[in-house]
Amino acid sequence: MAEKSLKTLVDQLRAEVAQLPASDQSARDRLNALIADLEAQLATPDAQGHDTLIRNVQDSIRHMEVEHPRATGVLNHIMMTLGNMGI
């Protein structure tokens, strides 16, 4: 159940990235890298990568919260879902 929720949230995050202005390439790059990490976690759950994944989500939240509040909201939901998955 949580895995399906995470997939939905990753899709929502991808939609938010698509709406970011082209001038904000650094935010796009950061979020696209995070999306790739999340998809890799879904494809092959790896307990060793959990700490790095959580840290990357937290860093993205800090970088996005002022300029991109909607993306930050999705990231916060991702953090909760990862927690529910035991990650």
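Values quoted throughout were computed directly from the atomic coordinates according to the rules given, and no laboratory measurement underlies them. Remember, predicted model here, so these are calculated numbers, not experimental data. Positions of Cβ are backbone-derived with ideal geometry, glycine not excepted, and every protein chain shown enters the neighbour counts.
Data overview
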read-out	value
Top positive-direction residue, dipole computed over the chain with Cβ charges, set Gln25, His50, Asn76	Asn76
The chain - mean residue ellipticity at 222 nm from DSSP helices (-39,500 (n - 2.57) per run, n ≥ 4, rounded to 500)	-26000 deg cm²/dmol
Span-like helix ranges in the chain, DSSP H, alpha carbon extent 24 angstrom or more, Kyte mean at least -1.0	2-19, 25-43
Around Thr44: net Lys/Arg minus Asp/Glu count, Cβ-Cβ under 13 Å	-4
At 0.692 mPa s and 37 °C, Stokes D of the chain from Kirkwood alpha-carbon radius, µm² per second	256 µm²/s
Cα gyration tensor shape for region 19-65, rounded if a/c is under 1.5, else prolate or oblate	oblate
Cut-off under 5 Å, modelled amide H: who pairs with Asp24 long-range	none
